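What follows is a set of notes on a single structure, which appears directly below.
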Amino acid sequence: MNEAQIVTFITDFGSRDYYMGMIKGAILTQHRNTNFVDITHDIKSFDIVQASFILKNVYNSFPAGTIHIVSVNNYYSSKRKFIAFKHNEQYFIGPDNGIFSLIFGKKMPPTYQLEENQETAFSIKDVYAKAIQHIATGQDFETIGAPLEKVVQRITLQPVINRFQIMGSVIHIDQYQNCITNINRELFEKVRDDRRFALFFKRFNPIIRLSKNYYDVSVGETLCLFNSAGQLEIAVSMGKASSLLNLNIDDTIQVDFM
Amino acid sequence: MNEAQIVTFITDFGSRDYYMGMIKGAILTQHRNTNFVDITHDIKSFDIVQASFILKNVYNSFPAGTIHIVSVNNYYSSKRKFIAFKHNEQYFIGPDNGIFSLIFGKKMPPTYQLEENQETAFSIKDVYAKAIQHIATGQDFETIGAPLEKVVQRITLQPVINRFQIMGSVIHIDQYQNCITNINRELFEKVRDDRRFALFFKRFNPIIRLSKNYYDVSVGETLCLFNSAGQLEIAVSMGKASSLLNLNIDDTIQVDFM
Amino acid sequence: MNEAQIVTFITDFGSRDYYMGMIKGAILTQHRNTNFVDITHDIKSFDIVQASFILKNVYNSFPAGTIHIVSVNNYYSSKRKFIAFKHNEQYFIGPDNGIFSLIFGKKMPPTYQLEENQETAFSIKDVYAKAIQHIATGQDFETIGAPLEKVVQRITLQPVINRFQIMGSVIHIDQYQNCITNINRELFEKVRDDRRFALFFKRFNPIIRLSKNYYDVSVGETLCLFNSAGQLEIAVSMGKASSLLNLNIDDTIQVDFM
């Protein structure tokens, strides 16, 4: 028996429109035995930073052979391209708008440009369907499209550091209103160098202790911890940090070491 | 190996309730090997026009043998009926409230009335499950229910035309706030007859050029194009047309030809 | 051919985050042939009463062998546990925070505590994935974890009754704004004892007739009926009862018998 091809989606199509329906229909027409996993269709329109953040956290959990479709800001240019590449036995398909460079940086694996007939109505559905069929039927991956020399590179705001300080920012507010920053554990520990720290944000008293779990402090108290993705997160135990602390995406946070 | 039966859903059940869960459970109990595709559950309550618009755009993309369930405004009458019919090797199931006539008009294929035991709790789940099991197991389609002489017909607002003008209206705002009208390419080209045109809406300067892609104009500029469904659409390049132009469902648009 | 393992989800993870993606990926990695059914991810954060209400209405519709994951308020305590049990050939997995006691009360079936390695990032994904793999591969259910003597018990507000009256409350507002109460048919009929009744709520005239269907009264009129789950519900025919009547969760309703 053939296993179903797993295909995940990260898009900004929302839940009210017919675009995802058309895409799924086209894929099932090309390759019937497909198992769709909708990661999210609620990426903010055009927000490739948020899309890459979700993809980065998710793709590793999936089994080898999974295809990840990231479809955000497809119409970024009149010379738009769709690309496919393979990393750690997983496949990635999406527009060449820099979204994947936010995860893989300069280390992008060999990348192929998918053919698109822009004369067709809503042609991206056929681009995706054909590429999935190619992979799912075990064809030679290198023949999925023409090799692409150079993919679009994008960079995101990185934390600014010196010997005594990290200046970072909030990059994601999750469903529970936890505030996730762009400071990861590796950077934090390296600059910290076993010293004490004080995490400042807005005009609140600094957080001076690293928690392991949300329930390490009393209900309603503010804490910080490294989340499952290894990013520094500011949270309120059993509460909604973003509203309570008025802490939003792009707000600055500062960690002093002493 | 038997292929999974593909079943799509277009409903107004939303995402917070247990109704869809009951329906999917009942279907899986009747026919275990089913692959659900949720097109949308966010149709406005009772809005069969919006539901038919989504279905019309989507069904053609799916492979032969797909079953499309449209479940909107089920409780339209004490004499409600559920119906099933087949068109282009695809199956359609839903209430007989005119929803399908908005797509197929007077050309409805032979239609069958599904049996319903209204004494059962939430009986529609059993109606759907039984009909799907009938189709999925390859039984004679004509025995799915009693032939129905006449289905409920509904009509929607059509554009008004004369030799110099089309008066239409906005029928859908999509996720990107593009404004989709009830004027299709065929009608437009027929009345246009190779003349120049000016598309008026609200108090804005008219659009006098037809674009092929969103990026044909500068960022922030207004444009019109025929979308993937062949409908005339008013959009703003990289922007949210509905908010920016204050253009909403049912608003009138006027195309003059000269 | 092996049937796909059906796994349903009732969670408060929402639709914007990567948590569900990680969980589904982990499950597919452990057991590839899985068919996910998302009942809802829109439970209010920490609201185990709402989650149990949805589960209670849904689980019976699913075929034998289904696994129901209820993942709400997982981080309820530093001594949190995850549990699994079997009821009517269906499997239930979730945190030991009382959520299942709201359905099964003191009659909880034998329950097992799942092993968790809290040192792993987002460890619940592995807890769920391992338990599902155990069940899906037909292993002896009793070896899924250590037997648990006592599960957390929670109680909800029950209606108050005397010979002439039931005092209940609204426990759920559905997608159509129907108001569902905590009074079920059995209790109602027992206290009623074939007498007439008057259902009071807010300052409106009482409802004195039990309807069978929404269309038993004129459009816009208020009615009450027992819904598909056997709960007394206040609705407005073709209208939104909660807004129109200003009737919300936890509001009191009173039934007098005479």
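Read-outs throughout are calculated quantities, based only on the coordinates presented, and are distinct from any laboratory measurement. Just so you know, these numbers come straight off a predicted model, no measurement behind them. Cβ: placed from backbone, ideal geometry, glycine included. Neighbour counts: every protein chain shown.
Between this copy and the others, label points of B:N117 are 5.0, 5.0 nm apart in ascending order, each placed 7 angstrom from Cα in the Cβ direction.
Return the Rg/Rh ratio of region C:104-201 with Cα-based radii and a Kirkwood Rh.
On the way: Rg = 21.4 Å, Rh = 18.1 Å.
My calculation puts Rg/Rh at 1.18.
So what's the angle, to the nearest 10 degrees on a 0 to 90 scale, between helix A:19-30 and the longest Cα principal axis of chain A? Once rounded, one gets 50 degrees. When only alpha carbons are used to place a centre, region B:45-63 and region B:201-230 end up 24 Å from one another. Each Cα pair under 8 Å and six or more residues apart adds its separation to the average, and for region A:16-121 the resulting relative contact order is 22 percent.
Just so you know, the Rg over Rh for region B:172-221 is 0.96, from Cα atoms, with Rh as the Kirkwood radius.
Note down the relative contact order for chain B as a percent, whole number, built from C-alpha pairs under 8 angstrom at least six residues apart. Before the final figure, lay out each step's value.
Working: 494 pairs, mean separation 39.4, N = 258.
Rounded, it is 15 percent for chain B.
Sorted from greatest to least, the principal axis extents spanned by the alpha carbons of region A:5-141 come out as 34, 32, 27 Å.
Nearest 20 debye, what's the magnitude of the dipole of chain B about its Cα centre given +1 on Lys and Arg Cβ and -1 on Asp and Glu Cβ? Show your work: numbers first, answer last.
Values: 26 positive and 26 negative charges, 112 e Å.
Dipole about the Cα centre, nearest 20: 540 debye.
Counting from the shortest, the label point at A:N2, 7 Å from Cα toward Cβ, is 1.9, 1.9 nm from the same position in each remaining copy. Modelled this way, with points 7 Å down the Cα-to-C-beta line, the labels at A:D216 and C:Q139 are 3.1 nm from one another.
With only Cα atoms counted, region C:1-84 has Rg and Dmax values of 13.3, 43 Å. GNM remark for chain C: springs join alpha carbons under 10 Å apart, and the peak mean-square fluctuation among C:L28, C:L55, C:L114 falls on C:L28.
Semi-axis lengths, largest first, of the ellipsoid equivalent to chain A are 39, 19, 17 Å, with √(5λ) applied to each eigenvalue of the Cα gyration tensor. Within the protein assembly as shown, DSSP assigns beta bridges of which about 70% are antiparallel (rounded to the nearest 5).
Could you identify which residue out of C:M20, C:M238, C:M108 has the top mean-square fluctuation in a GNM of chain C using Cα springs shorter than 10 Å? Among C:M20, C:M238, C:M108, the largest GNM mean-square fluctuation belongs to C:M238.
The calculated FRET efficiency for B:V152 paired with C:N248, based on their beta-carbon distance and R0 = 41 Å, is about 0.70.
Taking the number of other C-beta atoms within 10 Å as the exposure measure, put A:L210, B:L223 in order starting with the fewest. Could the numbers behind the result be given before it?
Working: A:L210 16, B:L223 23.
Listed from fewest to most nearby Cβ atoms, that is A:L210, B:L223.
Excluding the site residues themselves, the longest part of chain A lacking any GluC sites (Glu not before Pro) in a DSSP loop with at most 10 other Cβ atoms within 10 Å is A:150-258. In a simple Cβ point-charge model (Lys, Arg +1; Asp, Glu -1; nothing else charged), the protein assembly as shown has a dipole of about 1080 debye relative to its Cα centre. Suppose we look only past 11 Å in the calculated P(r) of region B:61-103. What percent of the Cα-Cα pairs does that tail hold? Everything past 11 Å amounts to 65 percent. Excluding same-chain neighbours fewer than eight residues apart, the aspartates and glutamates reachable from A:K190 by a Cα-Cα span under 16 Å are A:D256. The calculated Kirkwood hydrodynamic radius for the protein assembly as shown is 28.7 Å, given to one decimal from all distinct C-alpha pairs. Which entries in A:K240/C:K44; A:K56/C:K81; A:K107/A:K150 show an alpha-carbon gap greater than 21 Å? In this structure, A:K56/C:K81 exceed 21 Å between Cα atoms.
Of A:S101, A:Y112, A:T137, which is farthest along the charge dipole of region A:94-144 in the positive direction, counting Lys and Arg as +1 and Asp and Glu as -1 at C-beta? Towards the positive end, the residue furthest out is A:S101.
About its Cα centre, what dipole magnitude does region B:49-201 give when the only charges are +1 on Lys and Arg Cβ and -1 on Asp and Glu Cβ, stated in debye to the nearest 20?
Numbers: 17 positive and 14 negative charges, 131 e Å.
Magnitude of the dipole: close to 620 debye.
Taking the beta-carbon count within 10 Å as an exposure proxy, list C:F164, C:F204 from fewest neighbours to most.
The fewest-first ordering by Cβ neighbours comes to C:F164, C:F204.
Looking at chain C alone, DSSP beta bridges between its own residues are antiparallel in about 70 percent of cases. Considering the dipole of the protein assembly as shown built from charges on the beta carbon (Lys and Arg +1, Asp and Glu -1) around the Cα centre, which of C:H31, A:I253, A:M22 is farthest to its positive end? Going by the charge dipole, the pick is A:I253. The residues neighbouring B:E221, those whose beta-carbon lies less than 15 Å from its own, together hold a net charge of +1 under the Lys/Arg +1, Asp/Glu -1 convention.
FRET efficiency for C:K79 and A:T120, Cβ-Cβ distance as r, R0 = 56 Å, nearest 0.05? Please list the in-between numbers first.
Numbers: r = 58 Å, r/R0 = 1.04.
It comes out at approximately 0.45.
Taking all Cα pairs closer than 8 Å and separated by 6 or more residues, the relative contact order of region A:106-225 comes to 14 percent.
At 1.002 mPa s and 20 °C, plugging the Kirkwood radius over alpha-carbon pairs of region A:100-153 into Stokes-Einstein gives what diffusion coefficient in µm²/s?
Numbers: Rh = 12.5 Å.
The Stokes-Einstein estimate is 171 µm²/s.
The GNM of chain A, with springs linking C-alpha atoms under 10 angstrom apart, assigns the highest mean-square fluctuation among A:K150, A:K44, A:K24 to A:K150. Sorted from shortest to longest, the distances between the B:L157 label points of this copy and the other copies are 4.4, 4.4 nm, with each point 7 Å from Cα along the line through the beta carbon.
How long are the semi-axes of the equivalent ellipsoid of region A:161-258, taking √(5λ) for every eigenvalue λ of the Cα gyration tensor, in whole Å from largest down? Walk me through the numbers on the way to the answer.
On the way: eigenvalues 79, 39, 32 Å².
Square roots of five times the eigenvalues give 20, 14, 13 Å.
In degrees between 0 and 90, to the nearest 10, how far off the longest principal axis of chain C does helix C:124-136 point, with axes built from Cα atoms? Once rounded, one gets 90 degrees.
What order do you get for C:M258, A:M167, B:M22 when you list them from fewest to most C-beta neighbours inside 10 Å? Let's see the in-between values first.
Values: C:M258 8, A:M167 14, B:M22 26.
Ranking C:M258, A:M167, B:M22 by Cβ neighbours within 10 Å, fewest first, gives C:M258, A:M167, B:M22.
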